[in-house]
Amino acid sequence: MRKVIDFIKSLDPLLITAVLFIVFWGVINMYSATVHEFKYLYIKQGVFALTGIVSAFIVSSIDYRKIVKYSIIFYIIGVILLVAVLFWGKTILGATRWISLGPVNIQPSEFMKLIIILVTARVLGQIHGNIRITDILKVLLLVSVPVLLTLKQPDLGTSVMILIPVLVGIFIANIPKKYIIASIVLAIISSPFVWHHLKEYQKARILAFLKPENDPFGTAYNIIQSQIAIGSGKIFGKGFLKGTQSKLFFLPEQHTDFIFSTIGEEWGFVISATLIFLYLFVGLRIIYWGNKTEELTGKYICYMAGSLITFQAFINIAMTMGLAPAVGIPLPMISYGGSSLVTFLILIGIVLNIVKQTKKDIKQIKF
């Protein structure tokens, strides 16, 4: 027992506690969101959670630089799996994103979030001084392959989440201001082209976000029902298992993309705000360790991991409150899905090893 306590102390007890609370809270609310429709889904989520937690602690004991060393191999495997999805993937609700392995469906695009962070950190970690345009192009070329393959599924939300940490990594890599300005101008100029090439349902979701009253029983239905659920929770909520929007089937996808709506309805503003604070704490805590470490690869991993968790959590929550279009991304470590949950926990495990190595380096400097 003493060895376990010492091991946890060598990592970051505060970060571990916050993450475990989020995961535990996810399983509890998975029960509430599914027990009236899918009796045993929360058990599967509990198994995924346990698998992810064990994986995180195993990974935290492995030098992260060894993992980064094999990131290109992971990248190749990930791309092969994404290609396999296009030919042999399982289709659910019109999207082909999963590969069936017996009783379990894996979603390769979720694993690519982690793999791309490792690959990008490897490339950027080898740069000393200002980043060059060739370095930026190399990173963008690497990320473009999984992004385009994920868009083909189609899955715009996950594609964006694969790309965001990479942009954060490039941004903190001493990128010249002229590149930032040029990127903003290019994004503005290309926006009509991007809009033209969006699928019709993606355009409809954006329009539903801008004017939900135009199609309250169609594309805007999910957002409107989600807002009703969250608003009806008021300060302290209706109580565990007492949500009406969720239990009477008004709220669609309540165990995946809209699970925060169930939490808001049953637990109210106080617990919902606490959960938002926890996500913010986890993201900033990871970035804090990225700032503490001197090793560039570890620094990039922390900044990109912290940004991914924070951005994805806040985009999902904003989506459920009608403050962002419904792009279909899970709430990290809470929404149903083994691939997403295990991926985030392994990423936390890698961060914890960076923390461990950083603490060792600090001790050596002191002595």
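The values are calculated or read from the model by the stated rules, or taken from the named source; none is laboratory data. Small disclaimer: the values here were computed from a predicted structure and weren't measured. Neighbour counts run over all protein chains shown; Cβ positions are idealised from the backbone, glycine included.
Quick notes
- One residue stands out in the range 168-187 among those that are under 15 Å from Val139 (Cβ atoms) and at pLDDT 75 or above: the one that is surrounded by the most Cβ atoms within 10 Å (Cβ to Cβ), namely Gly169.
- Cβ-Cβ under 9 Å pairs, at least 6 apart or on other chains, the range 96-123 side closer than 12 Å to Phe74 by Cα, far side hydroxyl-bearing (Ser, Thr, Tyr) and surrounded by fewer than 19 Cβ atoms within 10 Å (Cβ to Cβ): Leu118/Tyr70
- Flag for Tyr70 being touching a residue at least 24 places away in the same chain (Cβ under 8 Å), more than 17 Å from the chain's Cα centre (by Cα) and within 26 Å of Asn353 (Cβ to Cβ): no
- Qualifying position, being surrounded by fewer than 18 Cβ atoms within 10 Å (Cβ to Cβ) and within 22 Å of Ile315 (Cβ to Cβ), among Leu280, Leu251, Leu241: Leu280
- The conditions of being part of a helix (DSSP H, G or I), of a type in the set (Gly, Ala, Ser), under 26 Å from Gly264 (Cα atoms) and in contact (Cβ under 8 Å) with a residue 24 or more places away in the chain are not met by Ser335.
- Within the range 20-37, residues that are within 20 Å of Thr244 (Cα to Cα) and at pLDDT 90 or above have Cβ atoms under 8 Å from residues that are part of a helix (DSSP H, G or I) and acidic (Asp, Glu) in these pairs: Asn29/Glu266, counting only partners at least 6 apart in sequence or on another chain.
Condition check ((1) buried (at least 19 other Cβ atoms within 10 Å of the Cβ); (2) of a type in the set (A, V, I, L, M, F, W, C); (3) assigned to a helix (DSSP H, G or I)) across all residues:
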| residue | (1), (2), (3) |
| --- | --- |
| Thr17 | no, no, yes |
| Trp25 | no, yes, yes |
| Ala33 | yes, yes, yes |
| Phe38 | no, yes, no |
| Tyr42 | yes, no, yes |
| Leu50 | no, yes, yes |
| Ile53 | yes, yes, yes |
| Ala56 | yes, yes, yes |
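- Candidates Val83, Val104, Val119, Val79 - the one that is in contact with a Leu (Cβ under 8 Å, 6 or more places away or on another chain), over 27 Å from Cys302 (Cα atoms) and not hydroxyl-bearing (Ser, Thr, Tyr): Val83
- Residue pairs meeting the criteria (Cβ under 9 Å; at least 6 apart or on separate chains; first more than 17 Å from Ile131 (Cβ to Cβ), in the range 175-192; second of a type in the set (A, V, I, L, M, F, W, C)): Ala187/Val194
- Just one of (1) at pLDDT 90 or above; (2) of a type in the set (A, V, I, L, M); (3) closer than 15 Å to Asn29 by Cα fails for Leu241. It is (1).
- Ile235, sole failed condition from (1) in a helix (DSSP H, G or I); (2) surrounded by fewer than 22 Cβ atoms within 10 Å (Cβ to Cβ); (3) modelled with pLDDT of 90 or more: (1)
- Entry remark, the range 123-144: residues being buried (at least 23 other Cβ atoms within 10 Å of the Cβ) and of a type in the set (Lys, Arg) number 0 in total.
- Test for Thr256: is it out of contact with any strand residue (DSSP E or B) (no Cβ under 7 Å at 6 or more places or on another chain) and at pLDDT 90 or above: no
- Listed conditions (1) surrounded by 16 or more Cβ atoms within 10 Å (Cβ to Cβ); (2) part of a helix (DSSP H, G or I); (3) at pLDDT 75 or above; (4) out of contact with any Ser or Thr (no Cβ under 8 Å at 6 or more places or on another chain) are all met by Val147, apart from (4).
- Those residues of the range 246-278 which are in contact with a Ser or Thr (Cβ under 9 Å, 6 or more places away or on another chain), among the aliphatic types (A, V, I, L, M) and not in a helix (DSSP H, G or I), in sequence order: Leu251
- In the range 126-182, the residues that are more than 30 Å from Phe87 (Cβ to Cβ) and basic (Lys, Arg): Arg132, Lys177, Lys178
- In summary, Ala49 fulfils each of the numbered conditions (1) more than 30 Å from Glu200 (Cα to Cα); (2) touching a helix residue (DSSP H, G or I) at 6+ places or on another chain (Cβ under 9 Å); (3) free of Cβ contacts under 8 Å to residues at least 12 places away in the same chain with the single exception of condition (3).
- Residue in the range 297-305 that is over 30 Å from Ile115 (Cβ atoms), more than 18 Å from the chain's Cα centre (by Cα) and surrounded by 15 or more Cβ atoms within 10 Å (Cβ to Cβ) present: no
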